[in-house]
Amino acid sequence: MNNLPADIQEFLDNYPHGSDDESLSDNLQFYRNRLRCRPDKLLVEQIHEQWLGDYDKLEYKHGFIQWLFPIREHGMNYESQPLQCHEIEALKSDPNAITRIVESYELMLDFYGMRLVSLETGEVERSLPPRDYAARYKNLIRSSHNNLRISRILKCLSEFGLERLNAGFLLHVLSEQSESKELNSRVVRGSMDRWWANCVRNDSERAWIQATISKVRAGNGFVFTRESYQEALKSRLESGHLGDSEEAATDEA
């Protein structure tokens, strides 16, 4: 795709002009549950325990997102640090830290009215009662600052070897838009098509996702159903070949 946003191109290029400062390690210590984030002064496990389901807090507080989803870019919270390359390697080799990153993702999925069904395939579905997914979907449409948060989340997952989860999120949103007309606002579609769908470094995976989105956007009667979504993720997992996944995703009407 031409004319990508500058932050997306830098992400896809693996931040070629970035540096690694080994004196900076706040993200590493935070995800090892040893350092409290600022300004909220909570350990990562405390955020997971205390903020799950506290939607007002997750909506109106803004500093925590840079801590839960560190990336190699400066954020709006001056008390956080950009992710350093040495931190990425240390955290990727720490199973407890990776588990906490997944829990951060699940915390935000719940905030968006969703839940992670499979860590293996990345499948996502609507939150189950007593959670009210419809109210959370409305909030996501209404509060556009969450679109920036989602870009950060997807970039972060990619950094830590969890990029397989990105397709699960993106194609869930696409199936909701296509089959149920949920999350189908112009702003959400714009963020998804220009930013979110490009937060995937694997070229074949990114092309597959974009091709599926394009087929839905073409408006030729194709409906990307929940069944299509599940089959696409299953086919990708079983075959290990993205072409098969693309076929499963785009050949069903």
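The values are calculated or read from the model by the stated rules, or taken from the named source; none is laboratory data. Please read all numbers here as calculations on a predicted model, not as lab measurements. Positions of Cβ are generated from backbone atoms using ideal geometry, with glycine treated the same way; all protein chains shown enter the neighbour counts. We work out accessible area using only protein heavy atoms, side chains counted, and drop any ligands, DNA or RNA first. Shrake-Rupley method; radii C 1.70, N 1.55, O 1.52, S 1.80 Å.
Positive end of the dipole of the chain (Cβ unit charges, origin at the Cα centre): among Asn3, Ile88, Phe64, the Cα lying farthest that way belongs to Phe64. The residues of segment 1-152 present an accessible area of 50 Å² per residue when probed at 1.4 Å with all protein chains retained. In the structure shown, the pairs Lys138/Lys234; Lys57/Lys155; Lys41/Lys138; Lys57/Lys215; Lys92/Lys215 are assessed against 27 Å; a Cα-Cα span above that value is assigned to Lys138/Lys234; Lys41/Lys138; Lys57/Lys215; Lys92/Lys215. Annotation for segment 4-34 versus segment 86-129: alpha-carbon center distance of 19 Å. Sorted from greatest to least, the principal axis extents spanned by the alpha carbons of segment 128-182 come out as 31, 23, 23 Å. Ligands, DNA and RNA aside, Thr225 has an accessible area near 30 Å² when probed at 1.4 Å. Here the sum of -39500 (n - 2.57) over DSSP H runs of 4 or more residues, divided by the residues of the chain, equals -16500 deg cm²/dmol at 222 nm, to the nearest 500.
Only the Cβ atoms of Lys and Arg (+1) and of Asp and Glu (-1) were treated as charged; on that basis the dipole of segment 85-142 about its Cα centre amounts to roughly 440 debye. Distance between the pseudo-spin-label points of Lys92 and Asn184 (7 Å out from Cα toward the beta carbon): 3.9 nm.
In µm²/s, what is D for the chain at 25 °C and 0.890 mPa s, where D = kT/(6 pi eta Rh) by Stokes-Einstein and Rh is the Kirkwood radius from Cα pairs?
Values: Rh = 18.6 Å.
Answer, rounded: 132 µm²/s.
Here the dipole of the chain is about 860 debye; that uses its Cα centre as origin and unit charges on the Cβ of Lys and Arg (positive) and Asp and Glu (negative). Is the shape of segment 83-168 rounded, prolate or oblate, going by the alpha carbon gyration tensor and its root eigenvalues a ≥ b ≥ c, with a/c under 1.5 for rounded and a/b larger than b/c for prolate? Since a/c reaches 1.5 and a/b is larger than b/c, the shape of segment 83-168 is classed as prolate. Of the trypsin sites (Lys or Arg not before Pro) found in segment 151-223, those that fall in a DSSP loop while having at most 15 other beta-carbon atoms within 10 Å are Lys181. Candidates Ala167, Ala97, Pro130 compared by Cα position along the dipole of the chain: farthest toward the positive end lies Pro130, with charges placed on Cβ. Counting only Cβ charges, +1 for Lys and Arg and -1 for Asp and Glu, the dipole size of segment 142-195 around its Cα centre is about 260 debye. Just the number, please: carbon plus sulfur as a percent of the accessible area of segment 27-147, 1.4 Å probe, no ligands or DNA/RNA counted. Heavy-atom surface of segment 27-147 belonging to carbon and sulfur, 1.4 Å probe: 50 percent.
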